[in-house]
Amino acid sequence: MDVLVAIDVEHLKDESAFVAHLEKEGFERIPEEEGFVFTGVSSTPVMHTRAYIFEVIGKALALSPATFCNLVCQIGENPMESYRFNKQTNTFEEA
């Protein structure tokens with residue numbers, strides 16, 4: 001299934017480290033899109049794919065902290081979902 005992830009971050013400490021981690025984990029940046037928009041492919045169930053996205057972006061934020069991070073993702077034909085990163089718990093929550 002196709003995966004689309006759009007990430008909204010502010011004051012990212014190291015953009016290249018952030019992007020490099022996502023690319024290392026199998027996401028490909030869409031160069032025509034402004035900002036941080038990535039695509040990928042998943043063969044796992046939606047819940048596992050969502051958990052993987054949270055884990056990868058959480059680790060990227062650990063490598064390159066930001067003051068704010070929201071993401072919107074679409075997994076397969078499922079509707080877009082919006083999440084925000086809680087810096088106190090280091091987890092994503094529904095927005």
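Only the coordinates and a few stated rules stand behind these numbers; no lab work does. This structure is a prediction, so every number in the text was calculated from the model and none was measured. Methodologically, a virtual Cβ is constructed for each residue, glycine included, from the backbone with ideal geometry; neighbour enumeration extends over all protein chains shown.
Compute the relative contact order of the chain as a whole-number percentage, counting only Cα pairs closer than 8 Å that sit 6 or more residues apart in sequence. Walk me through the intermediate numbers first.
Values: 149 pairs, mean separation 34.9, N = 95.
Relative contact order, the chain: 37 percent.
Using the rule -39500 (n - 2.57) for each DSSP H run of four or more residues, divided by the residues of the chain, the 222 nm mean residue ellipticity is -9500 deg cm²/dmol. Using +1 on the beta carbon of Lys and Arg, -1 on that of Asp and Glu, and nothing else charged, what's the dipole of the chain about the Cα centre, debye to 20? Dipole of the chain, to the nearest 20 debye: 400 debye.
List the GluC sites (Glu not before Pro) in segment 2-95 that DSSP assigns to loop (not H, G, I, E or B) and whose Cβ has at most 13 other Cβ atoms within 10 Å. Which are they?
Numbers: sites: 10, 15, 23, 25, 28, 32, 33, 34, 55, 77, 81, 93, 94; in loops: 25, 32, 33, 34, 77.
Here the GluC sites (Glu not before Pro) that fit, given the DSSP loop and packing criteria, are 32, 33, 34, 77.
Each residue of segment 83-95 was assigned a 3J(HN,Hα) from its phi angle through the Karplus curve 6.51 cos²θ - 1.76 cosθ + 1.60 (θ = phi - 60°); the sequence is 9, 10, 8, 8, 5, 6, 9, 6, 9, 9, 10, 4, 8 Hz, with glycine and proline shown as x. Shown in residue order for segment 22-35 are the 3J(HN,Hα) couplings computed by the Karplus curve 6.51 cos²θ - 1.76 cosθ + 1.60 at θ = phi - 60°: 5, 5, 4, 8, x, 8, 10, 6, 8, x, 6, 8, 6, x Hz (x for Gly and Pro). Global dimensions of segment 1-73 from alpha-carbon coordinates: Rg and Dmax equal 11.5, 33 Å. The fewest-to-most ranking of 91, 49 by surrounding Cβ atoms within 10 Å reads 91, 49. In order along segment 47-60, the phi-based Karplus estimate (6.51 cos²θ - 1.76 cosθ + 1.60, θ = phi - 60°) of 3J(HN,Hα) comes to 4, 5, 5, 4, 4, 5, 4, 4, 5, 5, 5, x, 5, 5 Hz; Gly and Pro are listed as x.
Taking the DSSP beta bridges in segment 2-94 as the whole, what percent of them are antiparallel, to the nearest 5?
Numbers: 24 of 24 bridges.
Antiparallel bridges: around 100 percent, rounded to the nearest 5.
Footprinting exposure proxy ranking of 52, 83, fewest other C-beta atoms within 10 angstrom first, gives 52, 83.
Here each label is just a point 7 Å from Cα along the line to Cβ, and for residue 17 and residue 67 those points are 1.9 nm apart. Give me the net charge of residue 24's neighbourhood, meaning all other residues with Cβ under 14 Å from the Cβ of residue 24; Lys, Arg count +1, Asp, Glu -1. Value of the local net charge: -2.
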